[in-house]
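A short write-up of the structure that comes next.
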Amino acid sequence: MGITERKLREKEELREKIISGARELFLEHGIENTSMRMIADKIEYSPATIYLHFKDKNELFYVIMDKAFTKFFNYFSRARAIEDPMDRLHTLGKLYLQFASEHPFYYDLMFVNKGPMETLPEHDTWEHGGKSHAILMDTVQSCIDAGYFKGHEPKALSLAIWGGVHGLASLKLCDRLSMYKEEEADQLMHRALDSLNSMLTKA
């Protein structure tokens, strides 16, 4: 390996180390309570070194969220082979809640926290975020083509469905289901999704 290749590899390794350290601190302390200096201390480098790779904390948010959307897309992709469009739509809702439950930090960063959105004008959209949304849009369109959702416009209907499932996930992750017994909350959330699916099937 030549000097140039080695330097590029070392640069990429340091970048990944910064991302990994930031992710750990975000999980431990929360995004708002994590500073660039804390990240530097975590990986035992100076803040100036981090700023050579990321201009600010929101830039780090953006990169981590891009990785999160890749993981999210992998979840959604499990439903793509389902032939019946309504069954596929129902499965997407279940996969959405599963992702939120298994990756709450990523979910908060992707769909709740505003920080990464402040860097969006400087970047293209997140590739796998767009692909994930396309799966939902294509599935809703396929449902319409199959005779469901008569009189509904696919883009608005996709947003309404996303909003409904996002609401369930957010209520759970933000501890807004505390009025129910703890052992009941998860079951109730999934029964609510079943109710939503039932209403969609009849639409």
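Brief remarks follow.
- Among residues of the range 29-57, those that are surrounded by fewer than 14 Cβ atoms within 10 Å (Cβ to Cβ) and under 15 Å from Tyr106 (Cβ atoms), counted: 1
- Pairs, first within 16 Å of Leu97 (Cα to Cα) in the range 176-203, second in a helix (DSSP H, G or I) and of a type in the set (D, E, K, R), C-beta under 7 Å, six or more apart: Ala185/Lys172; Met189/Lys172; Leu193/Lys94
- Residue match in the range 58-69 (condition: surrounded by 18 or more Cβ atoms within 10 Å (Cβ to Cβ), without any contact (Cβ under 8 Å) to a residue 40 or more places away in the chain, closer than 24 Å to Ser170 by Cα and in the same structural domain as Ser132 (by TED's automatic domain parsing)): no
- The residues of the range 177-189 that are within 21 Å of Asp108 (Cα to Cα), outside any helix (DSSP H, G or I) and modelled with pLDDT of 85 or more amount to a single one, Leu177.
- Test for Phe26: is it surrounded by 15 or more Cβ atoms within 10 Å (Cβ to Cβ), part of a helix (DSSP H, G or I) and either of a type in the set (Asp, Glu) or outside the structural domain of Val165 (by TED's automatic domain parsing) (or both): yes
- Verdict on Tyr96 being touching a residue at least 40 places away in the same chain (Cβ under 8 Å), of a type in the set (Phe, Trp, Tyr) and part of a helix (DSSP H, G or I): yes
- Residue selected from the range 68-110 under the condition within 9 Å of the chain's Cα centre (by Cα) and among the charged types (D, E, K, R), by the criterion farthest from Thr139 (Cα to Cα): Asp108
- Selection status of Glu12, more than 15 Å from Asp108 (Cα to Cα), modelled with pLDDT of 90 or more and in a helix (DSSP H, G or I): yes
- Any hit, the range 114-126, residues being over 9 Å from the mean Cα position of the chain (by Cα), of a type in the set (S, T, N, Q) and either modelled with pLDDT of 95 or more or closer than 22 Å to Gly164 by Cβ (or both): no
- Taking each residue of the range 28-42 that is in contact (Cβ under 8 Å) with a residue 60 or more places away in the chain and looking for partners that are part of a loop (DSSP other than H, G, I, E, B) with beta-carbon atoms closer than 9 Å, six or more apart or interchain, yields Ile31/Asn113.
- Members of the range 10-23 found to be crowded, with 17+ Cβ neighbours inside 10 Å and not charged (D, E, K, R), listed by number: Ile18, Ile19, Gly21, Ala22
- Residues that are modelled with pLDDT of 85 or more and part of a loop (DSSP other than H, G, I, E, B), drawn from the range 29-64: Asn33, Thr34, Ser35, Glu44, Tyr45, Ser46, Leu52, His53, Phe54, Lys55, Asp56
The values are calculated or read from the model by the stated rules, or taken from the named source; none is laboratory data. This is a predicted model, so every value here is computed, not measured. Cβ atoms come from the backbone with ideal geometry, glycine included; neighbour counts cover every protein chain shown.
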